[in-house]
Amino acid sequence: MQAIDQRDRELMGALQNEIPLVSTPFAFIGQGIDMSEKEVIKRTERLKREGVIRHLAPQFDPRALGYRSCLVAARVDDDRIDNAAAVINGHPGVTQNYRRNNELNLWFTIAVSPTSQLGLERTIEILGEEAECETVRSLPTLKQFKGDEVPCEAKHEPLTPREIECVRLLQRDLPLQPRPFEALAKNSGVGADELLAAATSFVKRGTLRRFCAAPARKPGFSASAMGVWIVADDRVEEMAAKMSQHRAVSHCYLRPVYPDWPYNLYTIVHGRSVDECESIINDLAIDTGLSEKKALYPTREYKKARINLFSSEADEWEAAHGAQRAASASA
């Protein structure tokens, strides 16, 4: 691996800040850091190849596009958990799926599009039934206090079929060539100018936050834990504010409770080891005075993927499973 030099760092800063929505974005970026378009592309190719940059793509806000998502916790017999995870992973809207050290041992996130005929709740029910889960608990975000995605304030406006096609094209990894949007639009029936105009419109409407490079994960932080807490309703805001101030806390959410699951405040913490994560959660308990908590660790990763917005695979899954359920109900 070639050492990262100062010019690489300047380029990474520009790419991670914003990729301009113009026909020749790499030439535009090069002008700002005194680098030729050819060198921008060559260095970016190397940074991607060496894993310093993961991809160049837009950060869409799925909620602003009308998507509904949910964290789901399930209890599955240990002997069947791998098979259950495979069934759940079969849904294209599942972006994360982990086994965790708890009686609720399978945790996954799922999102469904605004065009879904089954809807989020029914989709979760079907997955739970087909994966033969003993218990399924939907844990949607009631309030977000800290996280990568700032809650969207833009109202959802249904997209036209043409706009949906533009989202499908734009979400692909940006080709590393002088006119990348022309490459994205090629053979699609959408022109490059139309694609750029749609992207600009999405930014103005709040459905597209930024178009930028996604860096590799921070080195050294190989462990993570989900801290779940029981917090009185009238103290949630106060406790969430305290926890969110801790630099090791990357996410903080309020979620619903169940008779068998009374934990309502969730914090994701990162550390160099499980012991460090445990220490951080214990520090949070001391700082807040909260004692009713659990630390949940991923013991196996079954799936981690970017969401593929408005995918034909999701439509196909719905068509197949909706038909299967209807057939079994009438049998």
- Query: Given segment 56-150, what strands (runs of 3 or more DSSP E) lie entirely inside it while holding 2 or more residues that are in contact with a Lys or Arg (Cβ under 8 Å, 6 or more places away or on another chain)?
  - Reply: 68-75, 94-100, 106-112, 135-139
- Message: Of everything in segment 226-247, what is touching a Ser or Thr at 6+ places or on another chain (Cβ under 9 Å) and modelled with pLDDT under 95? Give them in sequence order.
- Response: His246
- Query: Does at least one position in segment 218-233 carry a residue that is more than 21 Å from the chain's Cα centre (by Cα) and among the basic types (Lys, Arg)?
  - Reply: no
- Does Gln96 satisfy the condition of being modelled with pLDDT under 95 and out of contact with any Pro (no Cβ under 8 Å at 6 or more places or on another chain)? no
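Do we find that Leu104 is closer than 20 Å to Pro259 by Cβ, open to solvent by 60 Å² or more (accessible area, probe 1.4 Å) and not charged (D, E, K, R) in this structure? Spell out how you get there, then give the answer.
Details: closer than 20 Å to Pro259 by Cβ: yes; open to solvent by 60 Å² or more (accessible area, probe 1.4 Å): no; not charged (D, E, K, R): yes.
Criteria not met by Leu104.
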- Got a number for residues in segment 257-275 being closer than 23 Å to Glu103 by Cα and open to solvent by 30 Å² or more (accessible area, probe 1.4 Å)? 10
- Flagged in segment 167-185 as among the basic types (Lys, Arg) and either loosely packed, with under 13 Cβ neighbours inside 10 Å or closer than 15 Å to His55 by Cα (or both), in numbering order, are Arg172
- Message: For the structure I just gave you, tell me whether Ala213 is in contact (Cβ under 8 Å) with a residue 12 or more places away in the chain, open to solvent by less than 40 Å² (accessible area, probe 1.4 Å) and under 23 Å from the mean Cα position of the chain (by Cα).
- Response: yes
- Filtering segment 216-270 for residues that are touching a strand residue (DSSP E or B) at 6+ places or on another chain (Cβ under 7 Å), of a type outside the set (Gly, Ala, Ser) and assigned to a helix (DSSP H, G or I) leaves a count of 3
- Report, by residue number, each residue of segment 84-105 that is farther than 22 Å from Ala320 by Cβ, in contact with a helix residue (DSSP H, G or I) (Cβ under 9 Å, 6 or more places away or on another chain) and without any contact (Cβ under 8 Å) to a residue 60 or more places away in the chain. Asn105
- Message: Quick check on segment 44-60: of everything there that is closer than 14 Å to Gln16 by Cα and basic (Lys, Arg), which residue is surrounded by the most Cβ atoms within 10 Å (Cβ to Cβ)?
- Response: Lys48
- Give me the pairs, please: first residue somewhere in segment 32-54 and under 17 Å from Cys212 (Cβ atoms) and hydrophobic (A, V, I, L, M, F, W, C), second residue anywhere and open to solvent by 70 Å² or more (accessible area, probe 1.4 Å) and modelled with pLDDT of 95 or more, beta-carbon distance under 9 Å, and either six or more positions apart or on two chains. Ile41/Gln177
- Determine whether Leu290 is aliphatic (A, V, I, L, M), touching a residue at least 12 places away in the same chain (Cβ under 8 Å), surrounded by 15 or more Cβ atoms within 10 Å (Cβ to Cβ) and not in a loop (DSSP other than H, G, I, E, B). no
- Could you list, in sequence order, the residues of segment 121-143 that are under 22 Å from the mean Cα position of the chain (by Cα), surrounded by 20 or more Cβ atoms within 10 Å (Cβ to Cβ) and of a type outside the set (Gly, Ala, Ser)? Thr123, Ile124, Leu127, Arg137, Leu139
- Query: What are the residue pairs meeting all of these: first residue in segment 163-185, first residue aromatic (Phe, Trp, Tyr), second residue open to solvent by less than 10 Å² (accessible area, probe 1.4 Å) and in a helix (DSSP H, G or I), Cβ atoms under 6 Å, and 6 or more apart or on different chains?
  - Reply: Phe181/Leu195
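The values are calculated or read from the model by the stated rules, or taken from the named source; none is laboratory data. Everything numeric in this text was worked out from a predicted model, so none of it was measured. All Cβ positions, even for glycine, are placed from backbone atoms using ideal geometry, and neighbour counts span all protein chains on display. Note: accessible area is taken over every heavy atom of the protein model, side chains too, but ligands, DNA and RNA are not part of it. Shrake-Rupley method; radii C 1.70, N 1.55, O 1.52, S 1.80 Å.
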